[in-house]
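Student: Okay, handing you the structure first.
The values are calculated or read from the model by the stated rules, or taken from the named source; none is laboratory data. Treat the numbers as computed from the prediction; the structure is a model and nothing was measured. In this analysis, Cβ positions are derived from the backbone assuming ideal geometry, glycine residues included, and neighbour counts consider all displayed protein chains.
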Amino acid sequence: MLFVIIFAFLFLPFAILFPTKVIHKERLPKKRKAIVTSNHYSNLDPILLDIKLRRKFRFMAKVELFKNKFGGAFLKSMGSFPVDRNNVTPSVFKKTLSELKQNHQVFIFPEGTRNKADTEEMADAKSGVITFASKGDAEIVPMLIYHKPKVFRKNYIIVGEPFKVQGANPARLTKEEIEENLAVYTKKMEQLRIELDEYVASKKRKKNK
């Protein structure tokens, strides 16, 4: 209930302040579990993604954001749960797998930190995204944010095609299979960047005609 109230309260301000077009929203599964991922520019990203995709994702958020009581309560109401990036405990795995078991969609920023420089380059993705998808028998949905959210600056979010991890036993990937699947994920993110850059460039060409 609190999520609905917050969502309704923030929807219009975010629509006005952060105009964002979602491309291929239909690729995002509606009613089945998934590990949803994206590059990461700002602490506003989770709210922006929830509102623009109209979903209550279960976000993995760094534990430091929960130290403030008000901020922590707000994040929890939006579906986030804390993760210590330097010490991922078994409870995080249990929480993630529990959410997937309930057919919820868990959102992970695989880079593990924000891109404060607002560049296109992504840091190397962590293997956790593959491990969680493997153990939770969930699809991975790659997504890409065009650039850092800024007030009144047009932005774009592109949704990639969902895919499943591959291996002799997908529920128990070997170290080599995890690396292979991580390489596949990285390639898909690179392709999304090319697709999104081409889309934005075509929009600019049309506008300049």
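Student: Which pairs turn up if I take residues in the stretch 81-108 that are touching a residue at least 24 places away in the same chain (Cβ under 8 Å) and look for partners that are among the small types (Gly, Ala, Ser) with beta carbon separation below 6 Å, at least 6 apart in sequence or on another chain?
Tutor: If the second residue must be among the small types (Gly, Ala, Ser), the pairs left are Arg85/Gly112; Leu97/Gly136; Leu100/Gly136; Leu100/Ala138; Gln105/Ala34.
Student: Continuing with this model, one more query. Please work out which residue is surrounded by the fewest Cβ atoms within 10 Å (Cβ to Cβ), limiting yourself to the stretch 88-109 and to residues that are part of a loop (DSSP other than H, G, I, E, B) and not polar (S, T, N, Q). Reasoning before the result, please.
Tutor: To start, the set of residues in the stretch 88-109 that are part of a loop (DSSP other than H, G, I, E, B) comprises 88-89, 102-104, 109.
Add one more test, that the residue is not polar (S, T, N, Q), and what stays is 88, 104, 109.
On the way: Val88: 15, His104: 19, Phe109: 22.
The extreme case among them is Val88.
Student: For Thr96, are the conditions met, namely being out of contact with any helix residue (DSSP H, G or I) (no Cβ under 6 Å at 6 or more places or on another chain) and modelled with pLDDT under 95?
Tutor: Working: out of contact with any helix residue (DSSP H, G or I) (no Cβ under 6 Å at 6 or more places or on another chain): no; modelled with pLDDT under 95: yes.
Spelling it out, it is not the case that Thr96 is out of contact with any helix residue (DSSP H, G or I) (no Cβ under 6 Å at 6 or more places or on another chain) and modelled with pLDDT under 95.
Student: Run down Gly112, Gly72 and say which single residue is surrounded by 12 or more Cβ atoms within 10 Å (Cβ to Cβ), of a type in the set (Gly, Ala, Ser) and over 24 Å from Tyr185 (Cα atoms).
Tutor: Exactly one of Gly112, Gly72 is surrounded by 12 or more Cβ atoms within 10 Å (Cβ to Cβ), of a type in the set (Gly, Ala, Ser) and over 24 Å from Tyr185 (Cα atoms), namely Gly72.
Student: Another question, then. Mind listing just one residue for me: the one in the stretch 115-138 that is in contact with a helix residue (DSSP H, G or I) (Cβ under 7 Å, 6 or more places away or on another chain) and of a type in the set (D, E, K, R) and, of those, surrounded by the fewest Cβ atoms within 10 Å (Cβ to Cβ)?
Tutor: As a first pass, look at the stretch 115-138 and keep what is in contact with a helix residue (DSSP H, G or I) (Cβ under 7 Å, 6 or more places away or on another chain): 120, 122, 125, 127, 129-132, 135-136, 138.
Retained after the next criterion (residues that are of a type in the set (D, E, K, R)): 120, 135.
Details: Glu120: 13, Lys135: 17.
Across the stretch 115-138, the extreme among qualifying residues is Glu120.
Student: Specify which of the listed residues (Leu144, Leu182) is touching a helix residue (DSSP H, G or I) at 6+ places or on another chain (Cβ under 6 Å), in a helix (DSSP H, G or I), touching a residue at least 24 places away in the same chain (Cβ under 8 Å) and surrounded by 17 or more Cβ atoms within 10 Å (Cβ to Cβ).
Tutor: Criteria check complete, one pass: Leu182.
Student: Any residue that is buried (at least 17 other Cβ atoms within 10 Å of the Cβ) and assigned to a strand (DSSP E or B) - is there at least one of those in the stretch 36-51?
Tutor: yes
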